[in-house]
1. Mind sorting SER141, SER29, SER216, SER224 by how few other Cβ atoms lie within 10 Å of their own Cβ, fewest first?
2. How much net charge surrounds ILE30 when only other residues with a Cβ under 14 Å from its Cβ are counted (Lys, Arg +1; Asp, Glu -1)?
3. For every helix of n ≥ 4 consecutive DSSP H residues, a contribution of -39,500 (n - 2.57) applies; sum these over the chain, divide by its total residues, and give [θ] at 222 nm rounded to the nearest 500 deg cm²/dmol.
4. Relative contact order (percent) for the range 14-128, with alpha-carbon contacts under 8 angstrom and 6 or more residues of separation?
5. Quick one: give the max-minus-min coordinate of the C-alpha atoms of the range 62-203 along each principal axis, largest first, in Å.
6. Based only on Cα atoms, what Rg/Rh ratio does the chain have, Rh being taken as Kirkwood's radius?
7. Once you have the Cα-Cα distance between ASP81 and PHE191, take 0.36 nm times their residue separation minus that, and quote the gain in nm to one decimal.
8. Let a ≥ b ≥ c be the square roots of the eigenvalues of the Cα gyration tensor of the range 133-227; is it rounded (a/c under 1.5), or, if not, prolate (a/b larger than b/c) or oblate?
Amino acid sequence: MTETPQNSPKRRHQIGLFVTCPVDLIRPSIGFATATLLERAGCDVHVPPQSCCGQVAFNNGQPEETRALAWNIVQQFGQYDYVVLPSGSCGGTIKTHYPELFAQDERHETVVRFCEKVYELTTFLTEVLDYAPTRAGIDLSSETVTYHDSCAGLRELGIKQQPRTLLKRCANLDVTEMEETDVCCGFGGTFCVKYSDVSNRMVTNKVNNIRQSGASMVLGGDLSCLLNIAGKLQRLEPDNPDRVQVRHIAEVLAGELQTPAIGEPSPTRGKGE
């Protein structure tokens, strides 16, 4: 057995970045911020060809379609040390439900081994890398910021303290907790379509709790939830330029706040038209 010389450079983790559909199609800046964070933490980031994780198909009773999407992901990302994604929702689908989908399949062991190296971003940074920058990328100590704990990340992956730990380390921020921070925002994928009245009441309650916290910004780890919250804030206060900003935690941890908040128009929109 050959020993590694003590002075040899430490091998960098090879990360497959699973961007997720909402980030790819609606908010690519979250994907870039995620890559920036992983690179700062000493990782090499790769973005292989990818598709939907299959969550929509799975939640709508289409196991065969979900298995096809899942196996494609396993093959595309199998070569990397870890697979990291900025979403507790998609992460929960992969880690929790892929093994179930392949329970009676000869590929089950391969899928289980794959799922063991899949991590949501904040969990990977805290529990695998114990990431702490030499200095905060941005100082939000004077701001009042609250946090929404998304259902899948909280209940399927145990994501609670990880983002708060990173916000303290990377942004010098102590989160101001809102009431019922761990209660669903009402999105739930197709739930908001099938049960629109219930969904609307839930997001209304969520937004009221956000505003009552006194926060100028609300963060979260799932873009789909944040889109729902941002949309409700805009409908309630369409003419208020100082309404609560909605942002993904990856953008804040990377110190990349130059992009308009979720749902807010670009300041250059309309120029030159």
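None of the figures in this text is laboratory data; all of them are computed from the coordinates on show. Computed from a predicted structure; not experimentally measured. Positions of Cβ are backbone-derived with ideal geometry, glycine not excepted, and every protein chain shown enters the neighbour counts.
1. Ranking SER141, SER29, SER216, SER224 by Cβ neighbours within 10 Å, fewest first, gives SER141, SER216, SER29, SER224.
2. So the surrounding residues net to -3.
3. -11500 deg cm²/dmol
4. 30
5. The Cα atoms of the range 62-203 stretch 54, 45, 18 Å along their principal axes.
6. Radius of gyration over Kirkwood radius for the chain works out to 0.99.
7. Working it through step by step, the gained length comes to 36.1 nm.
8. Prolate.
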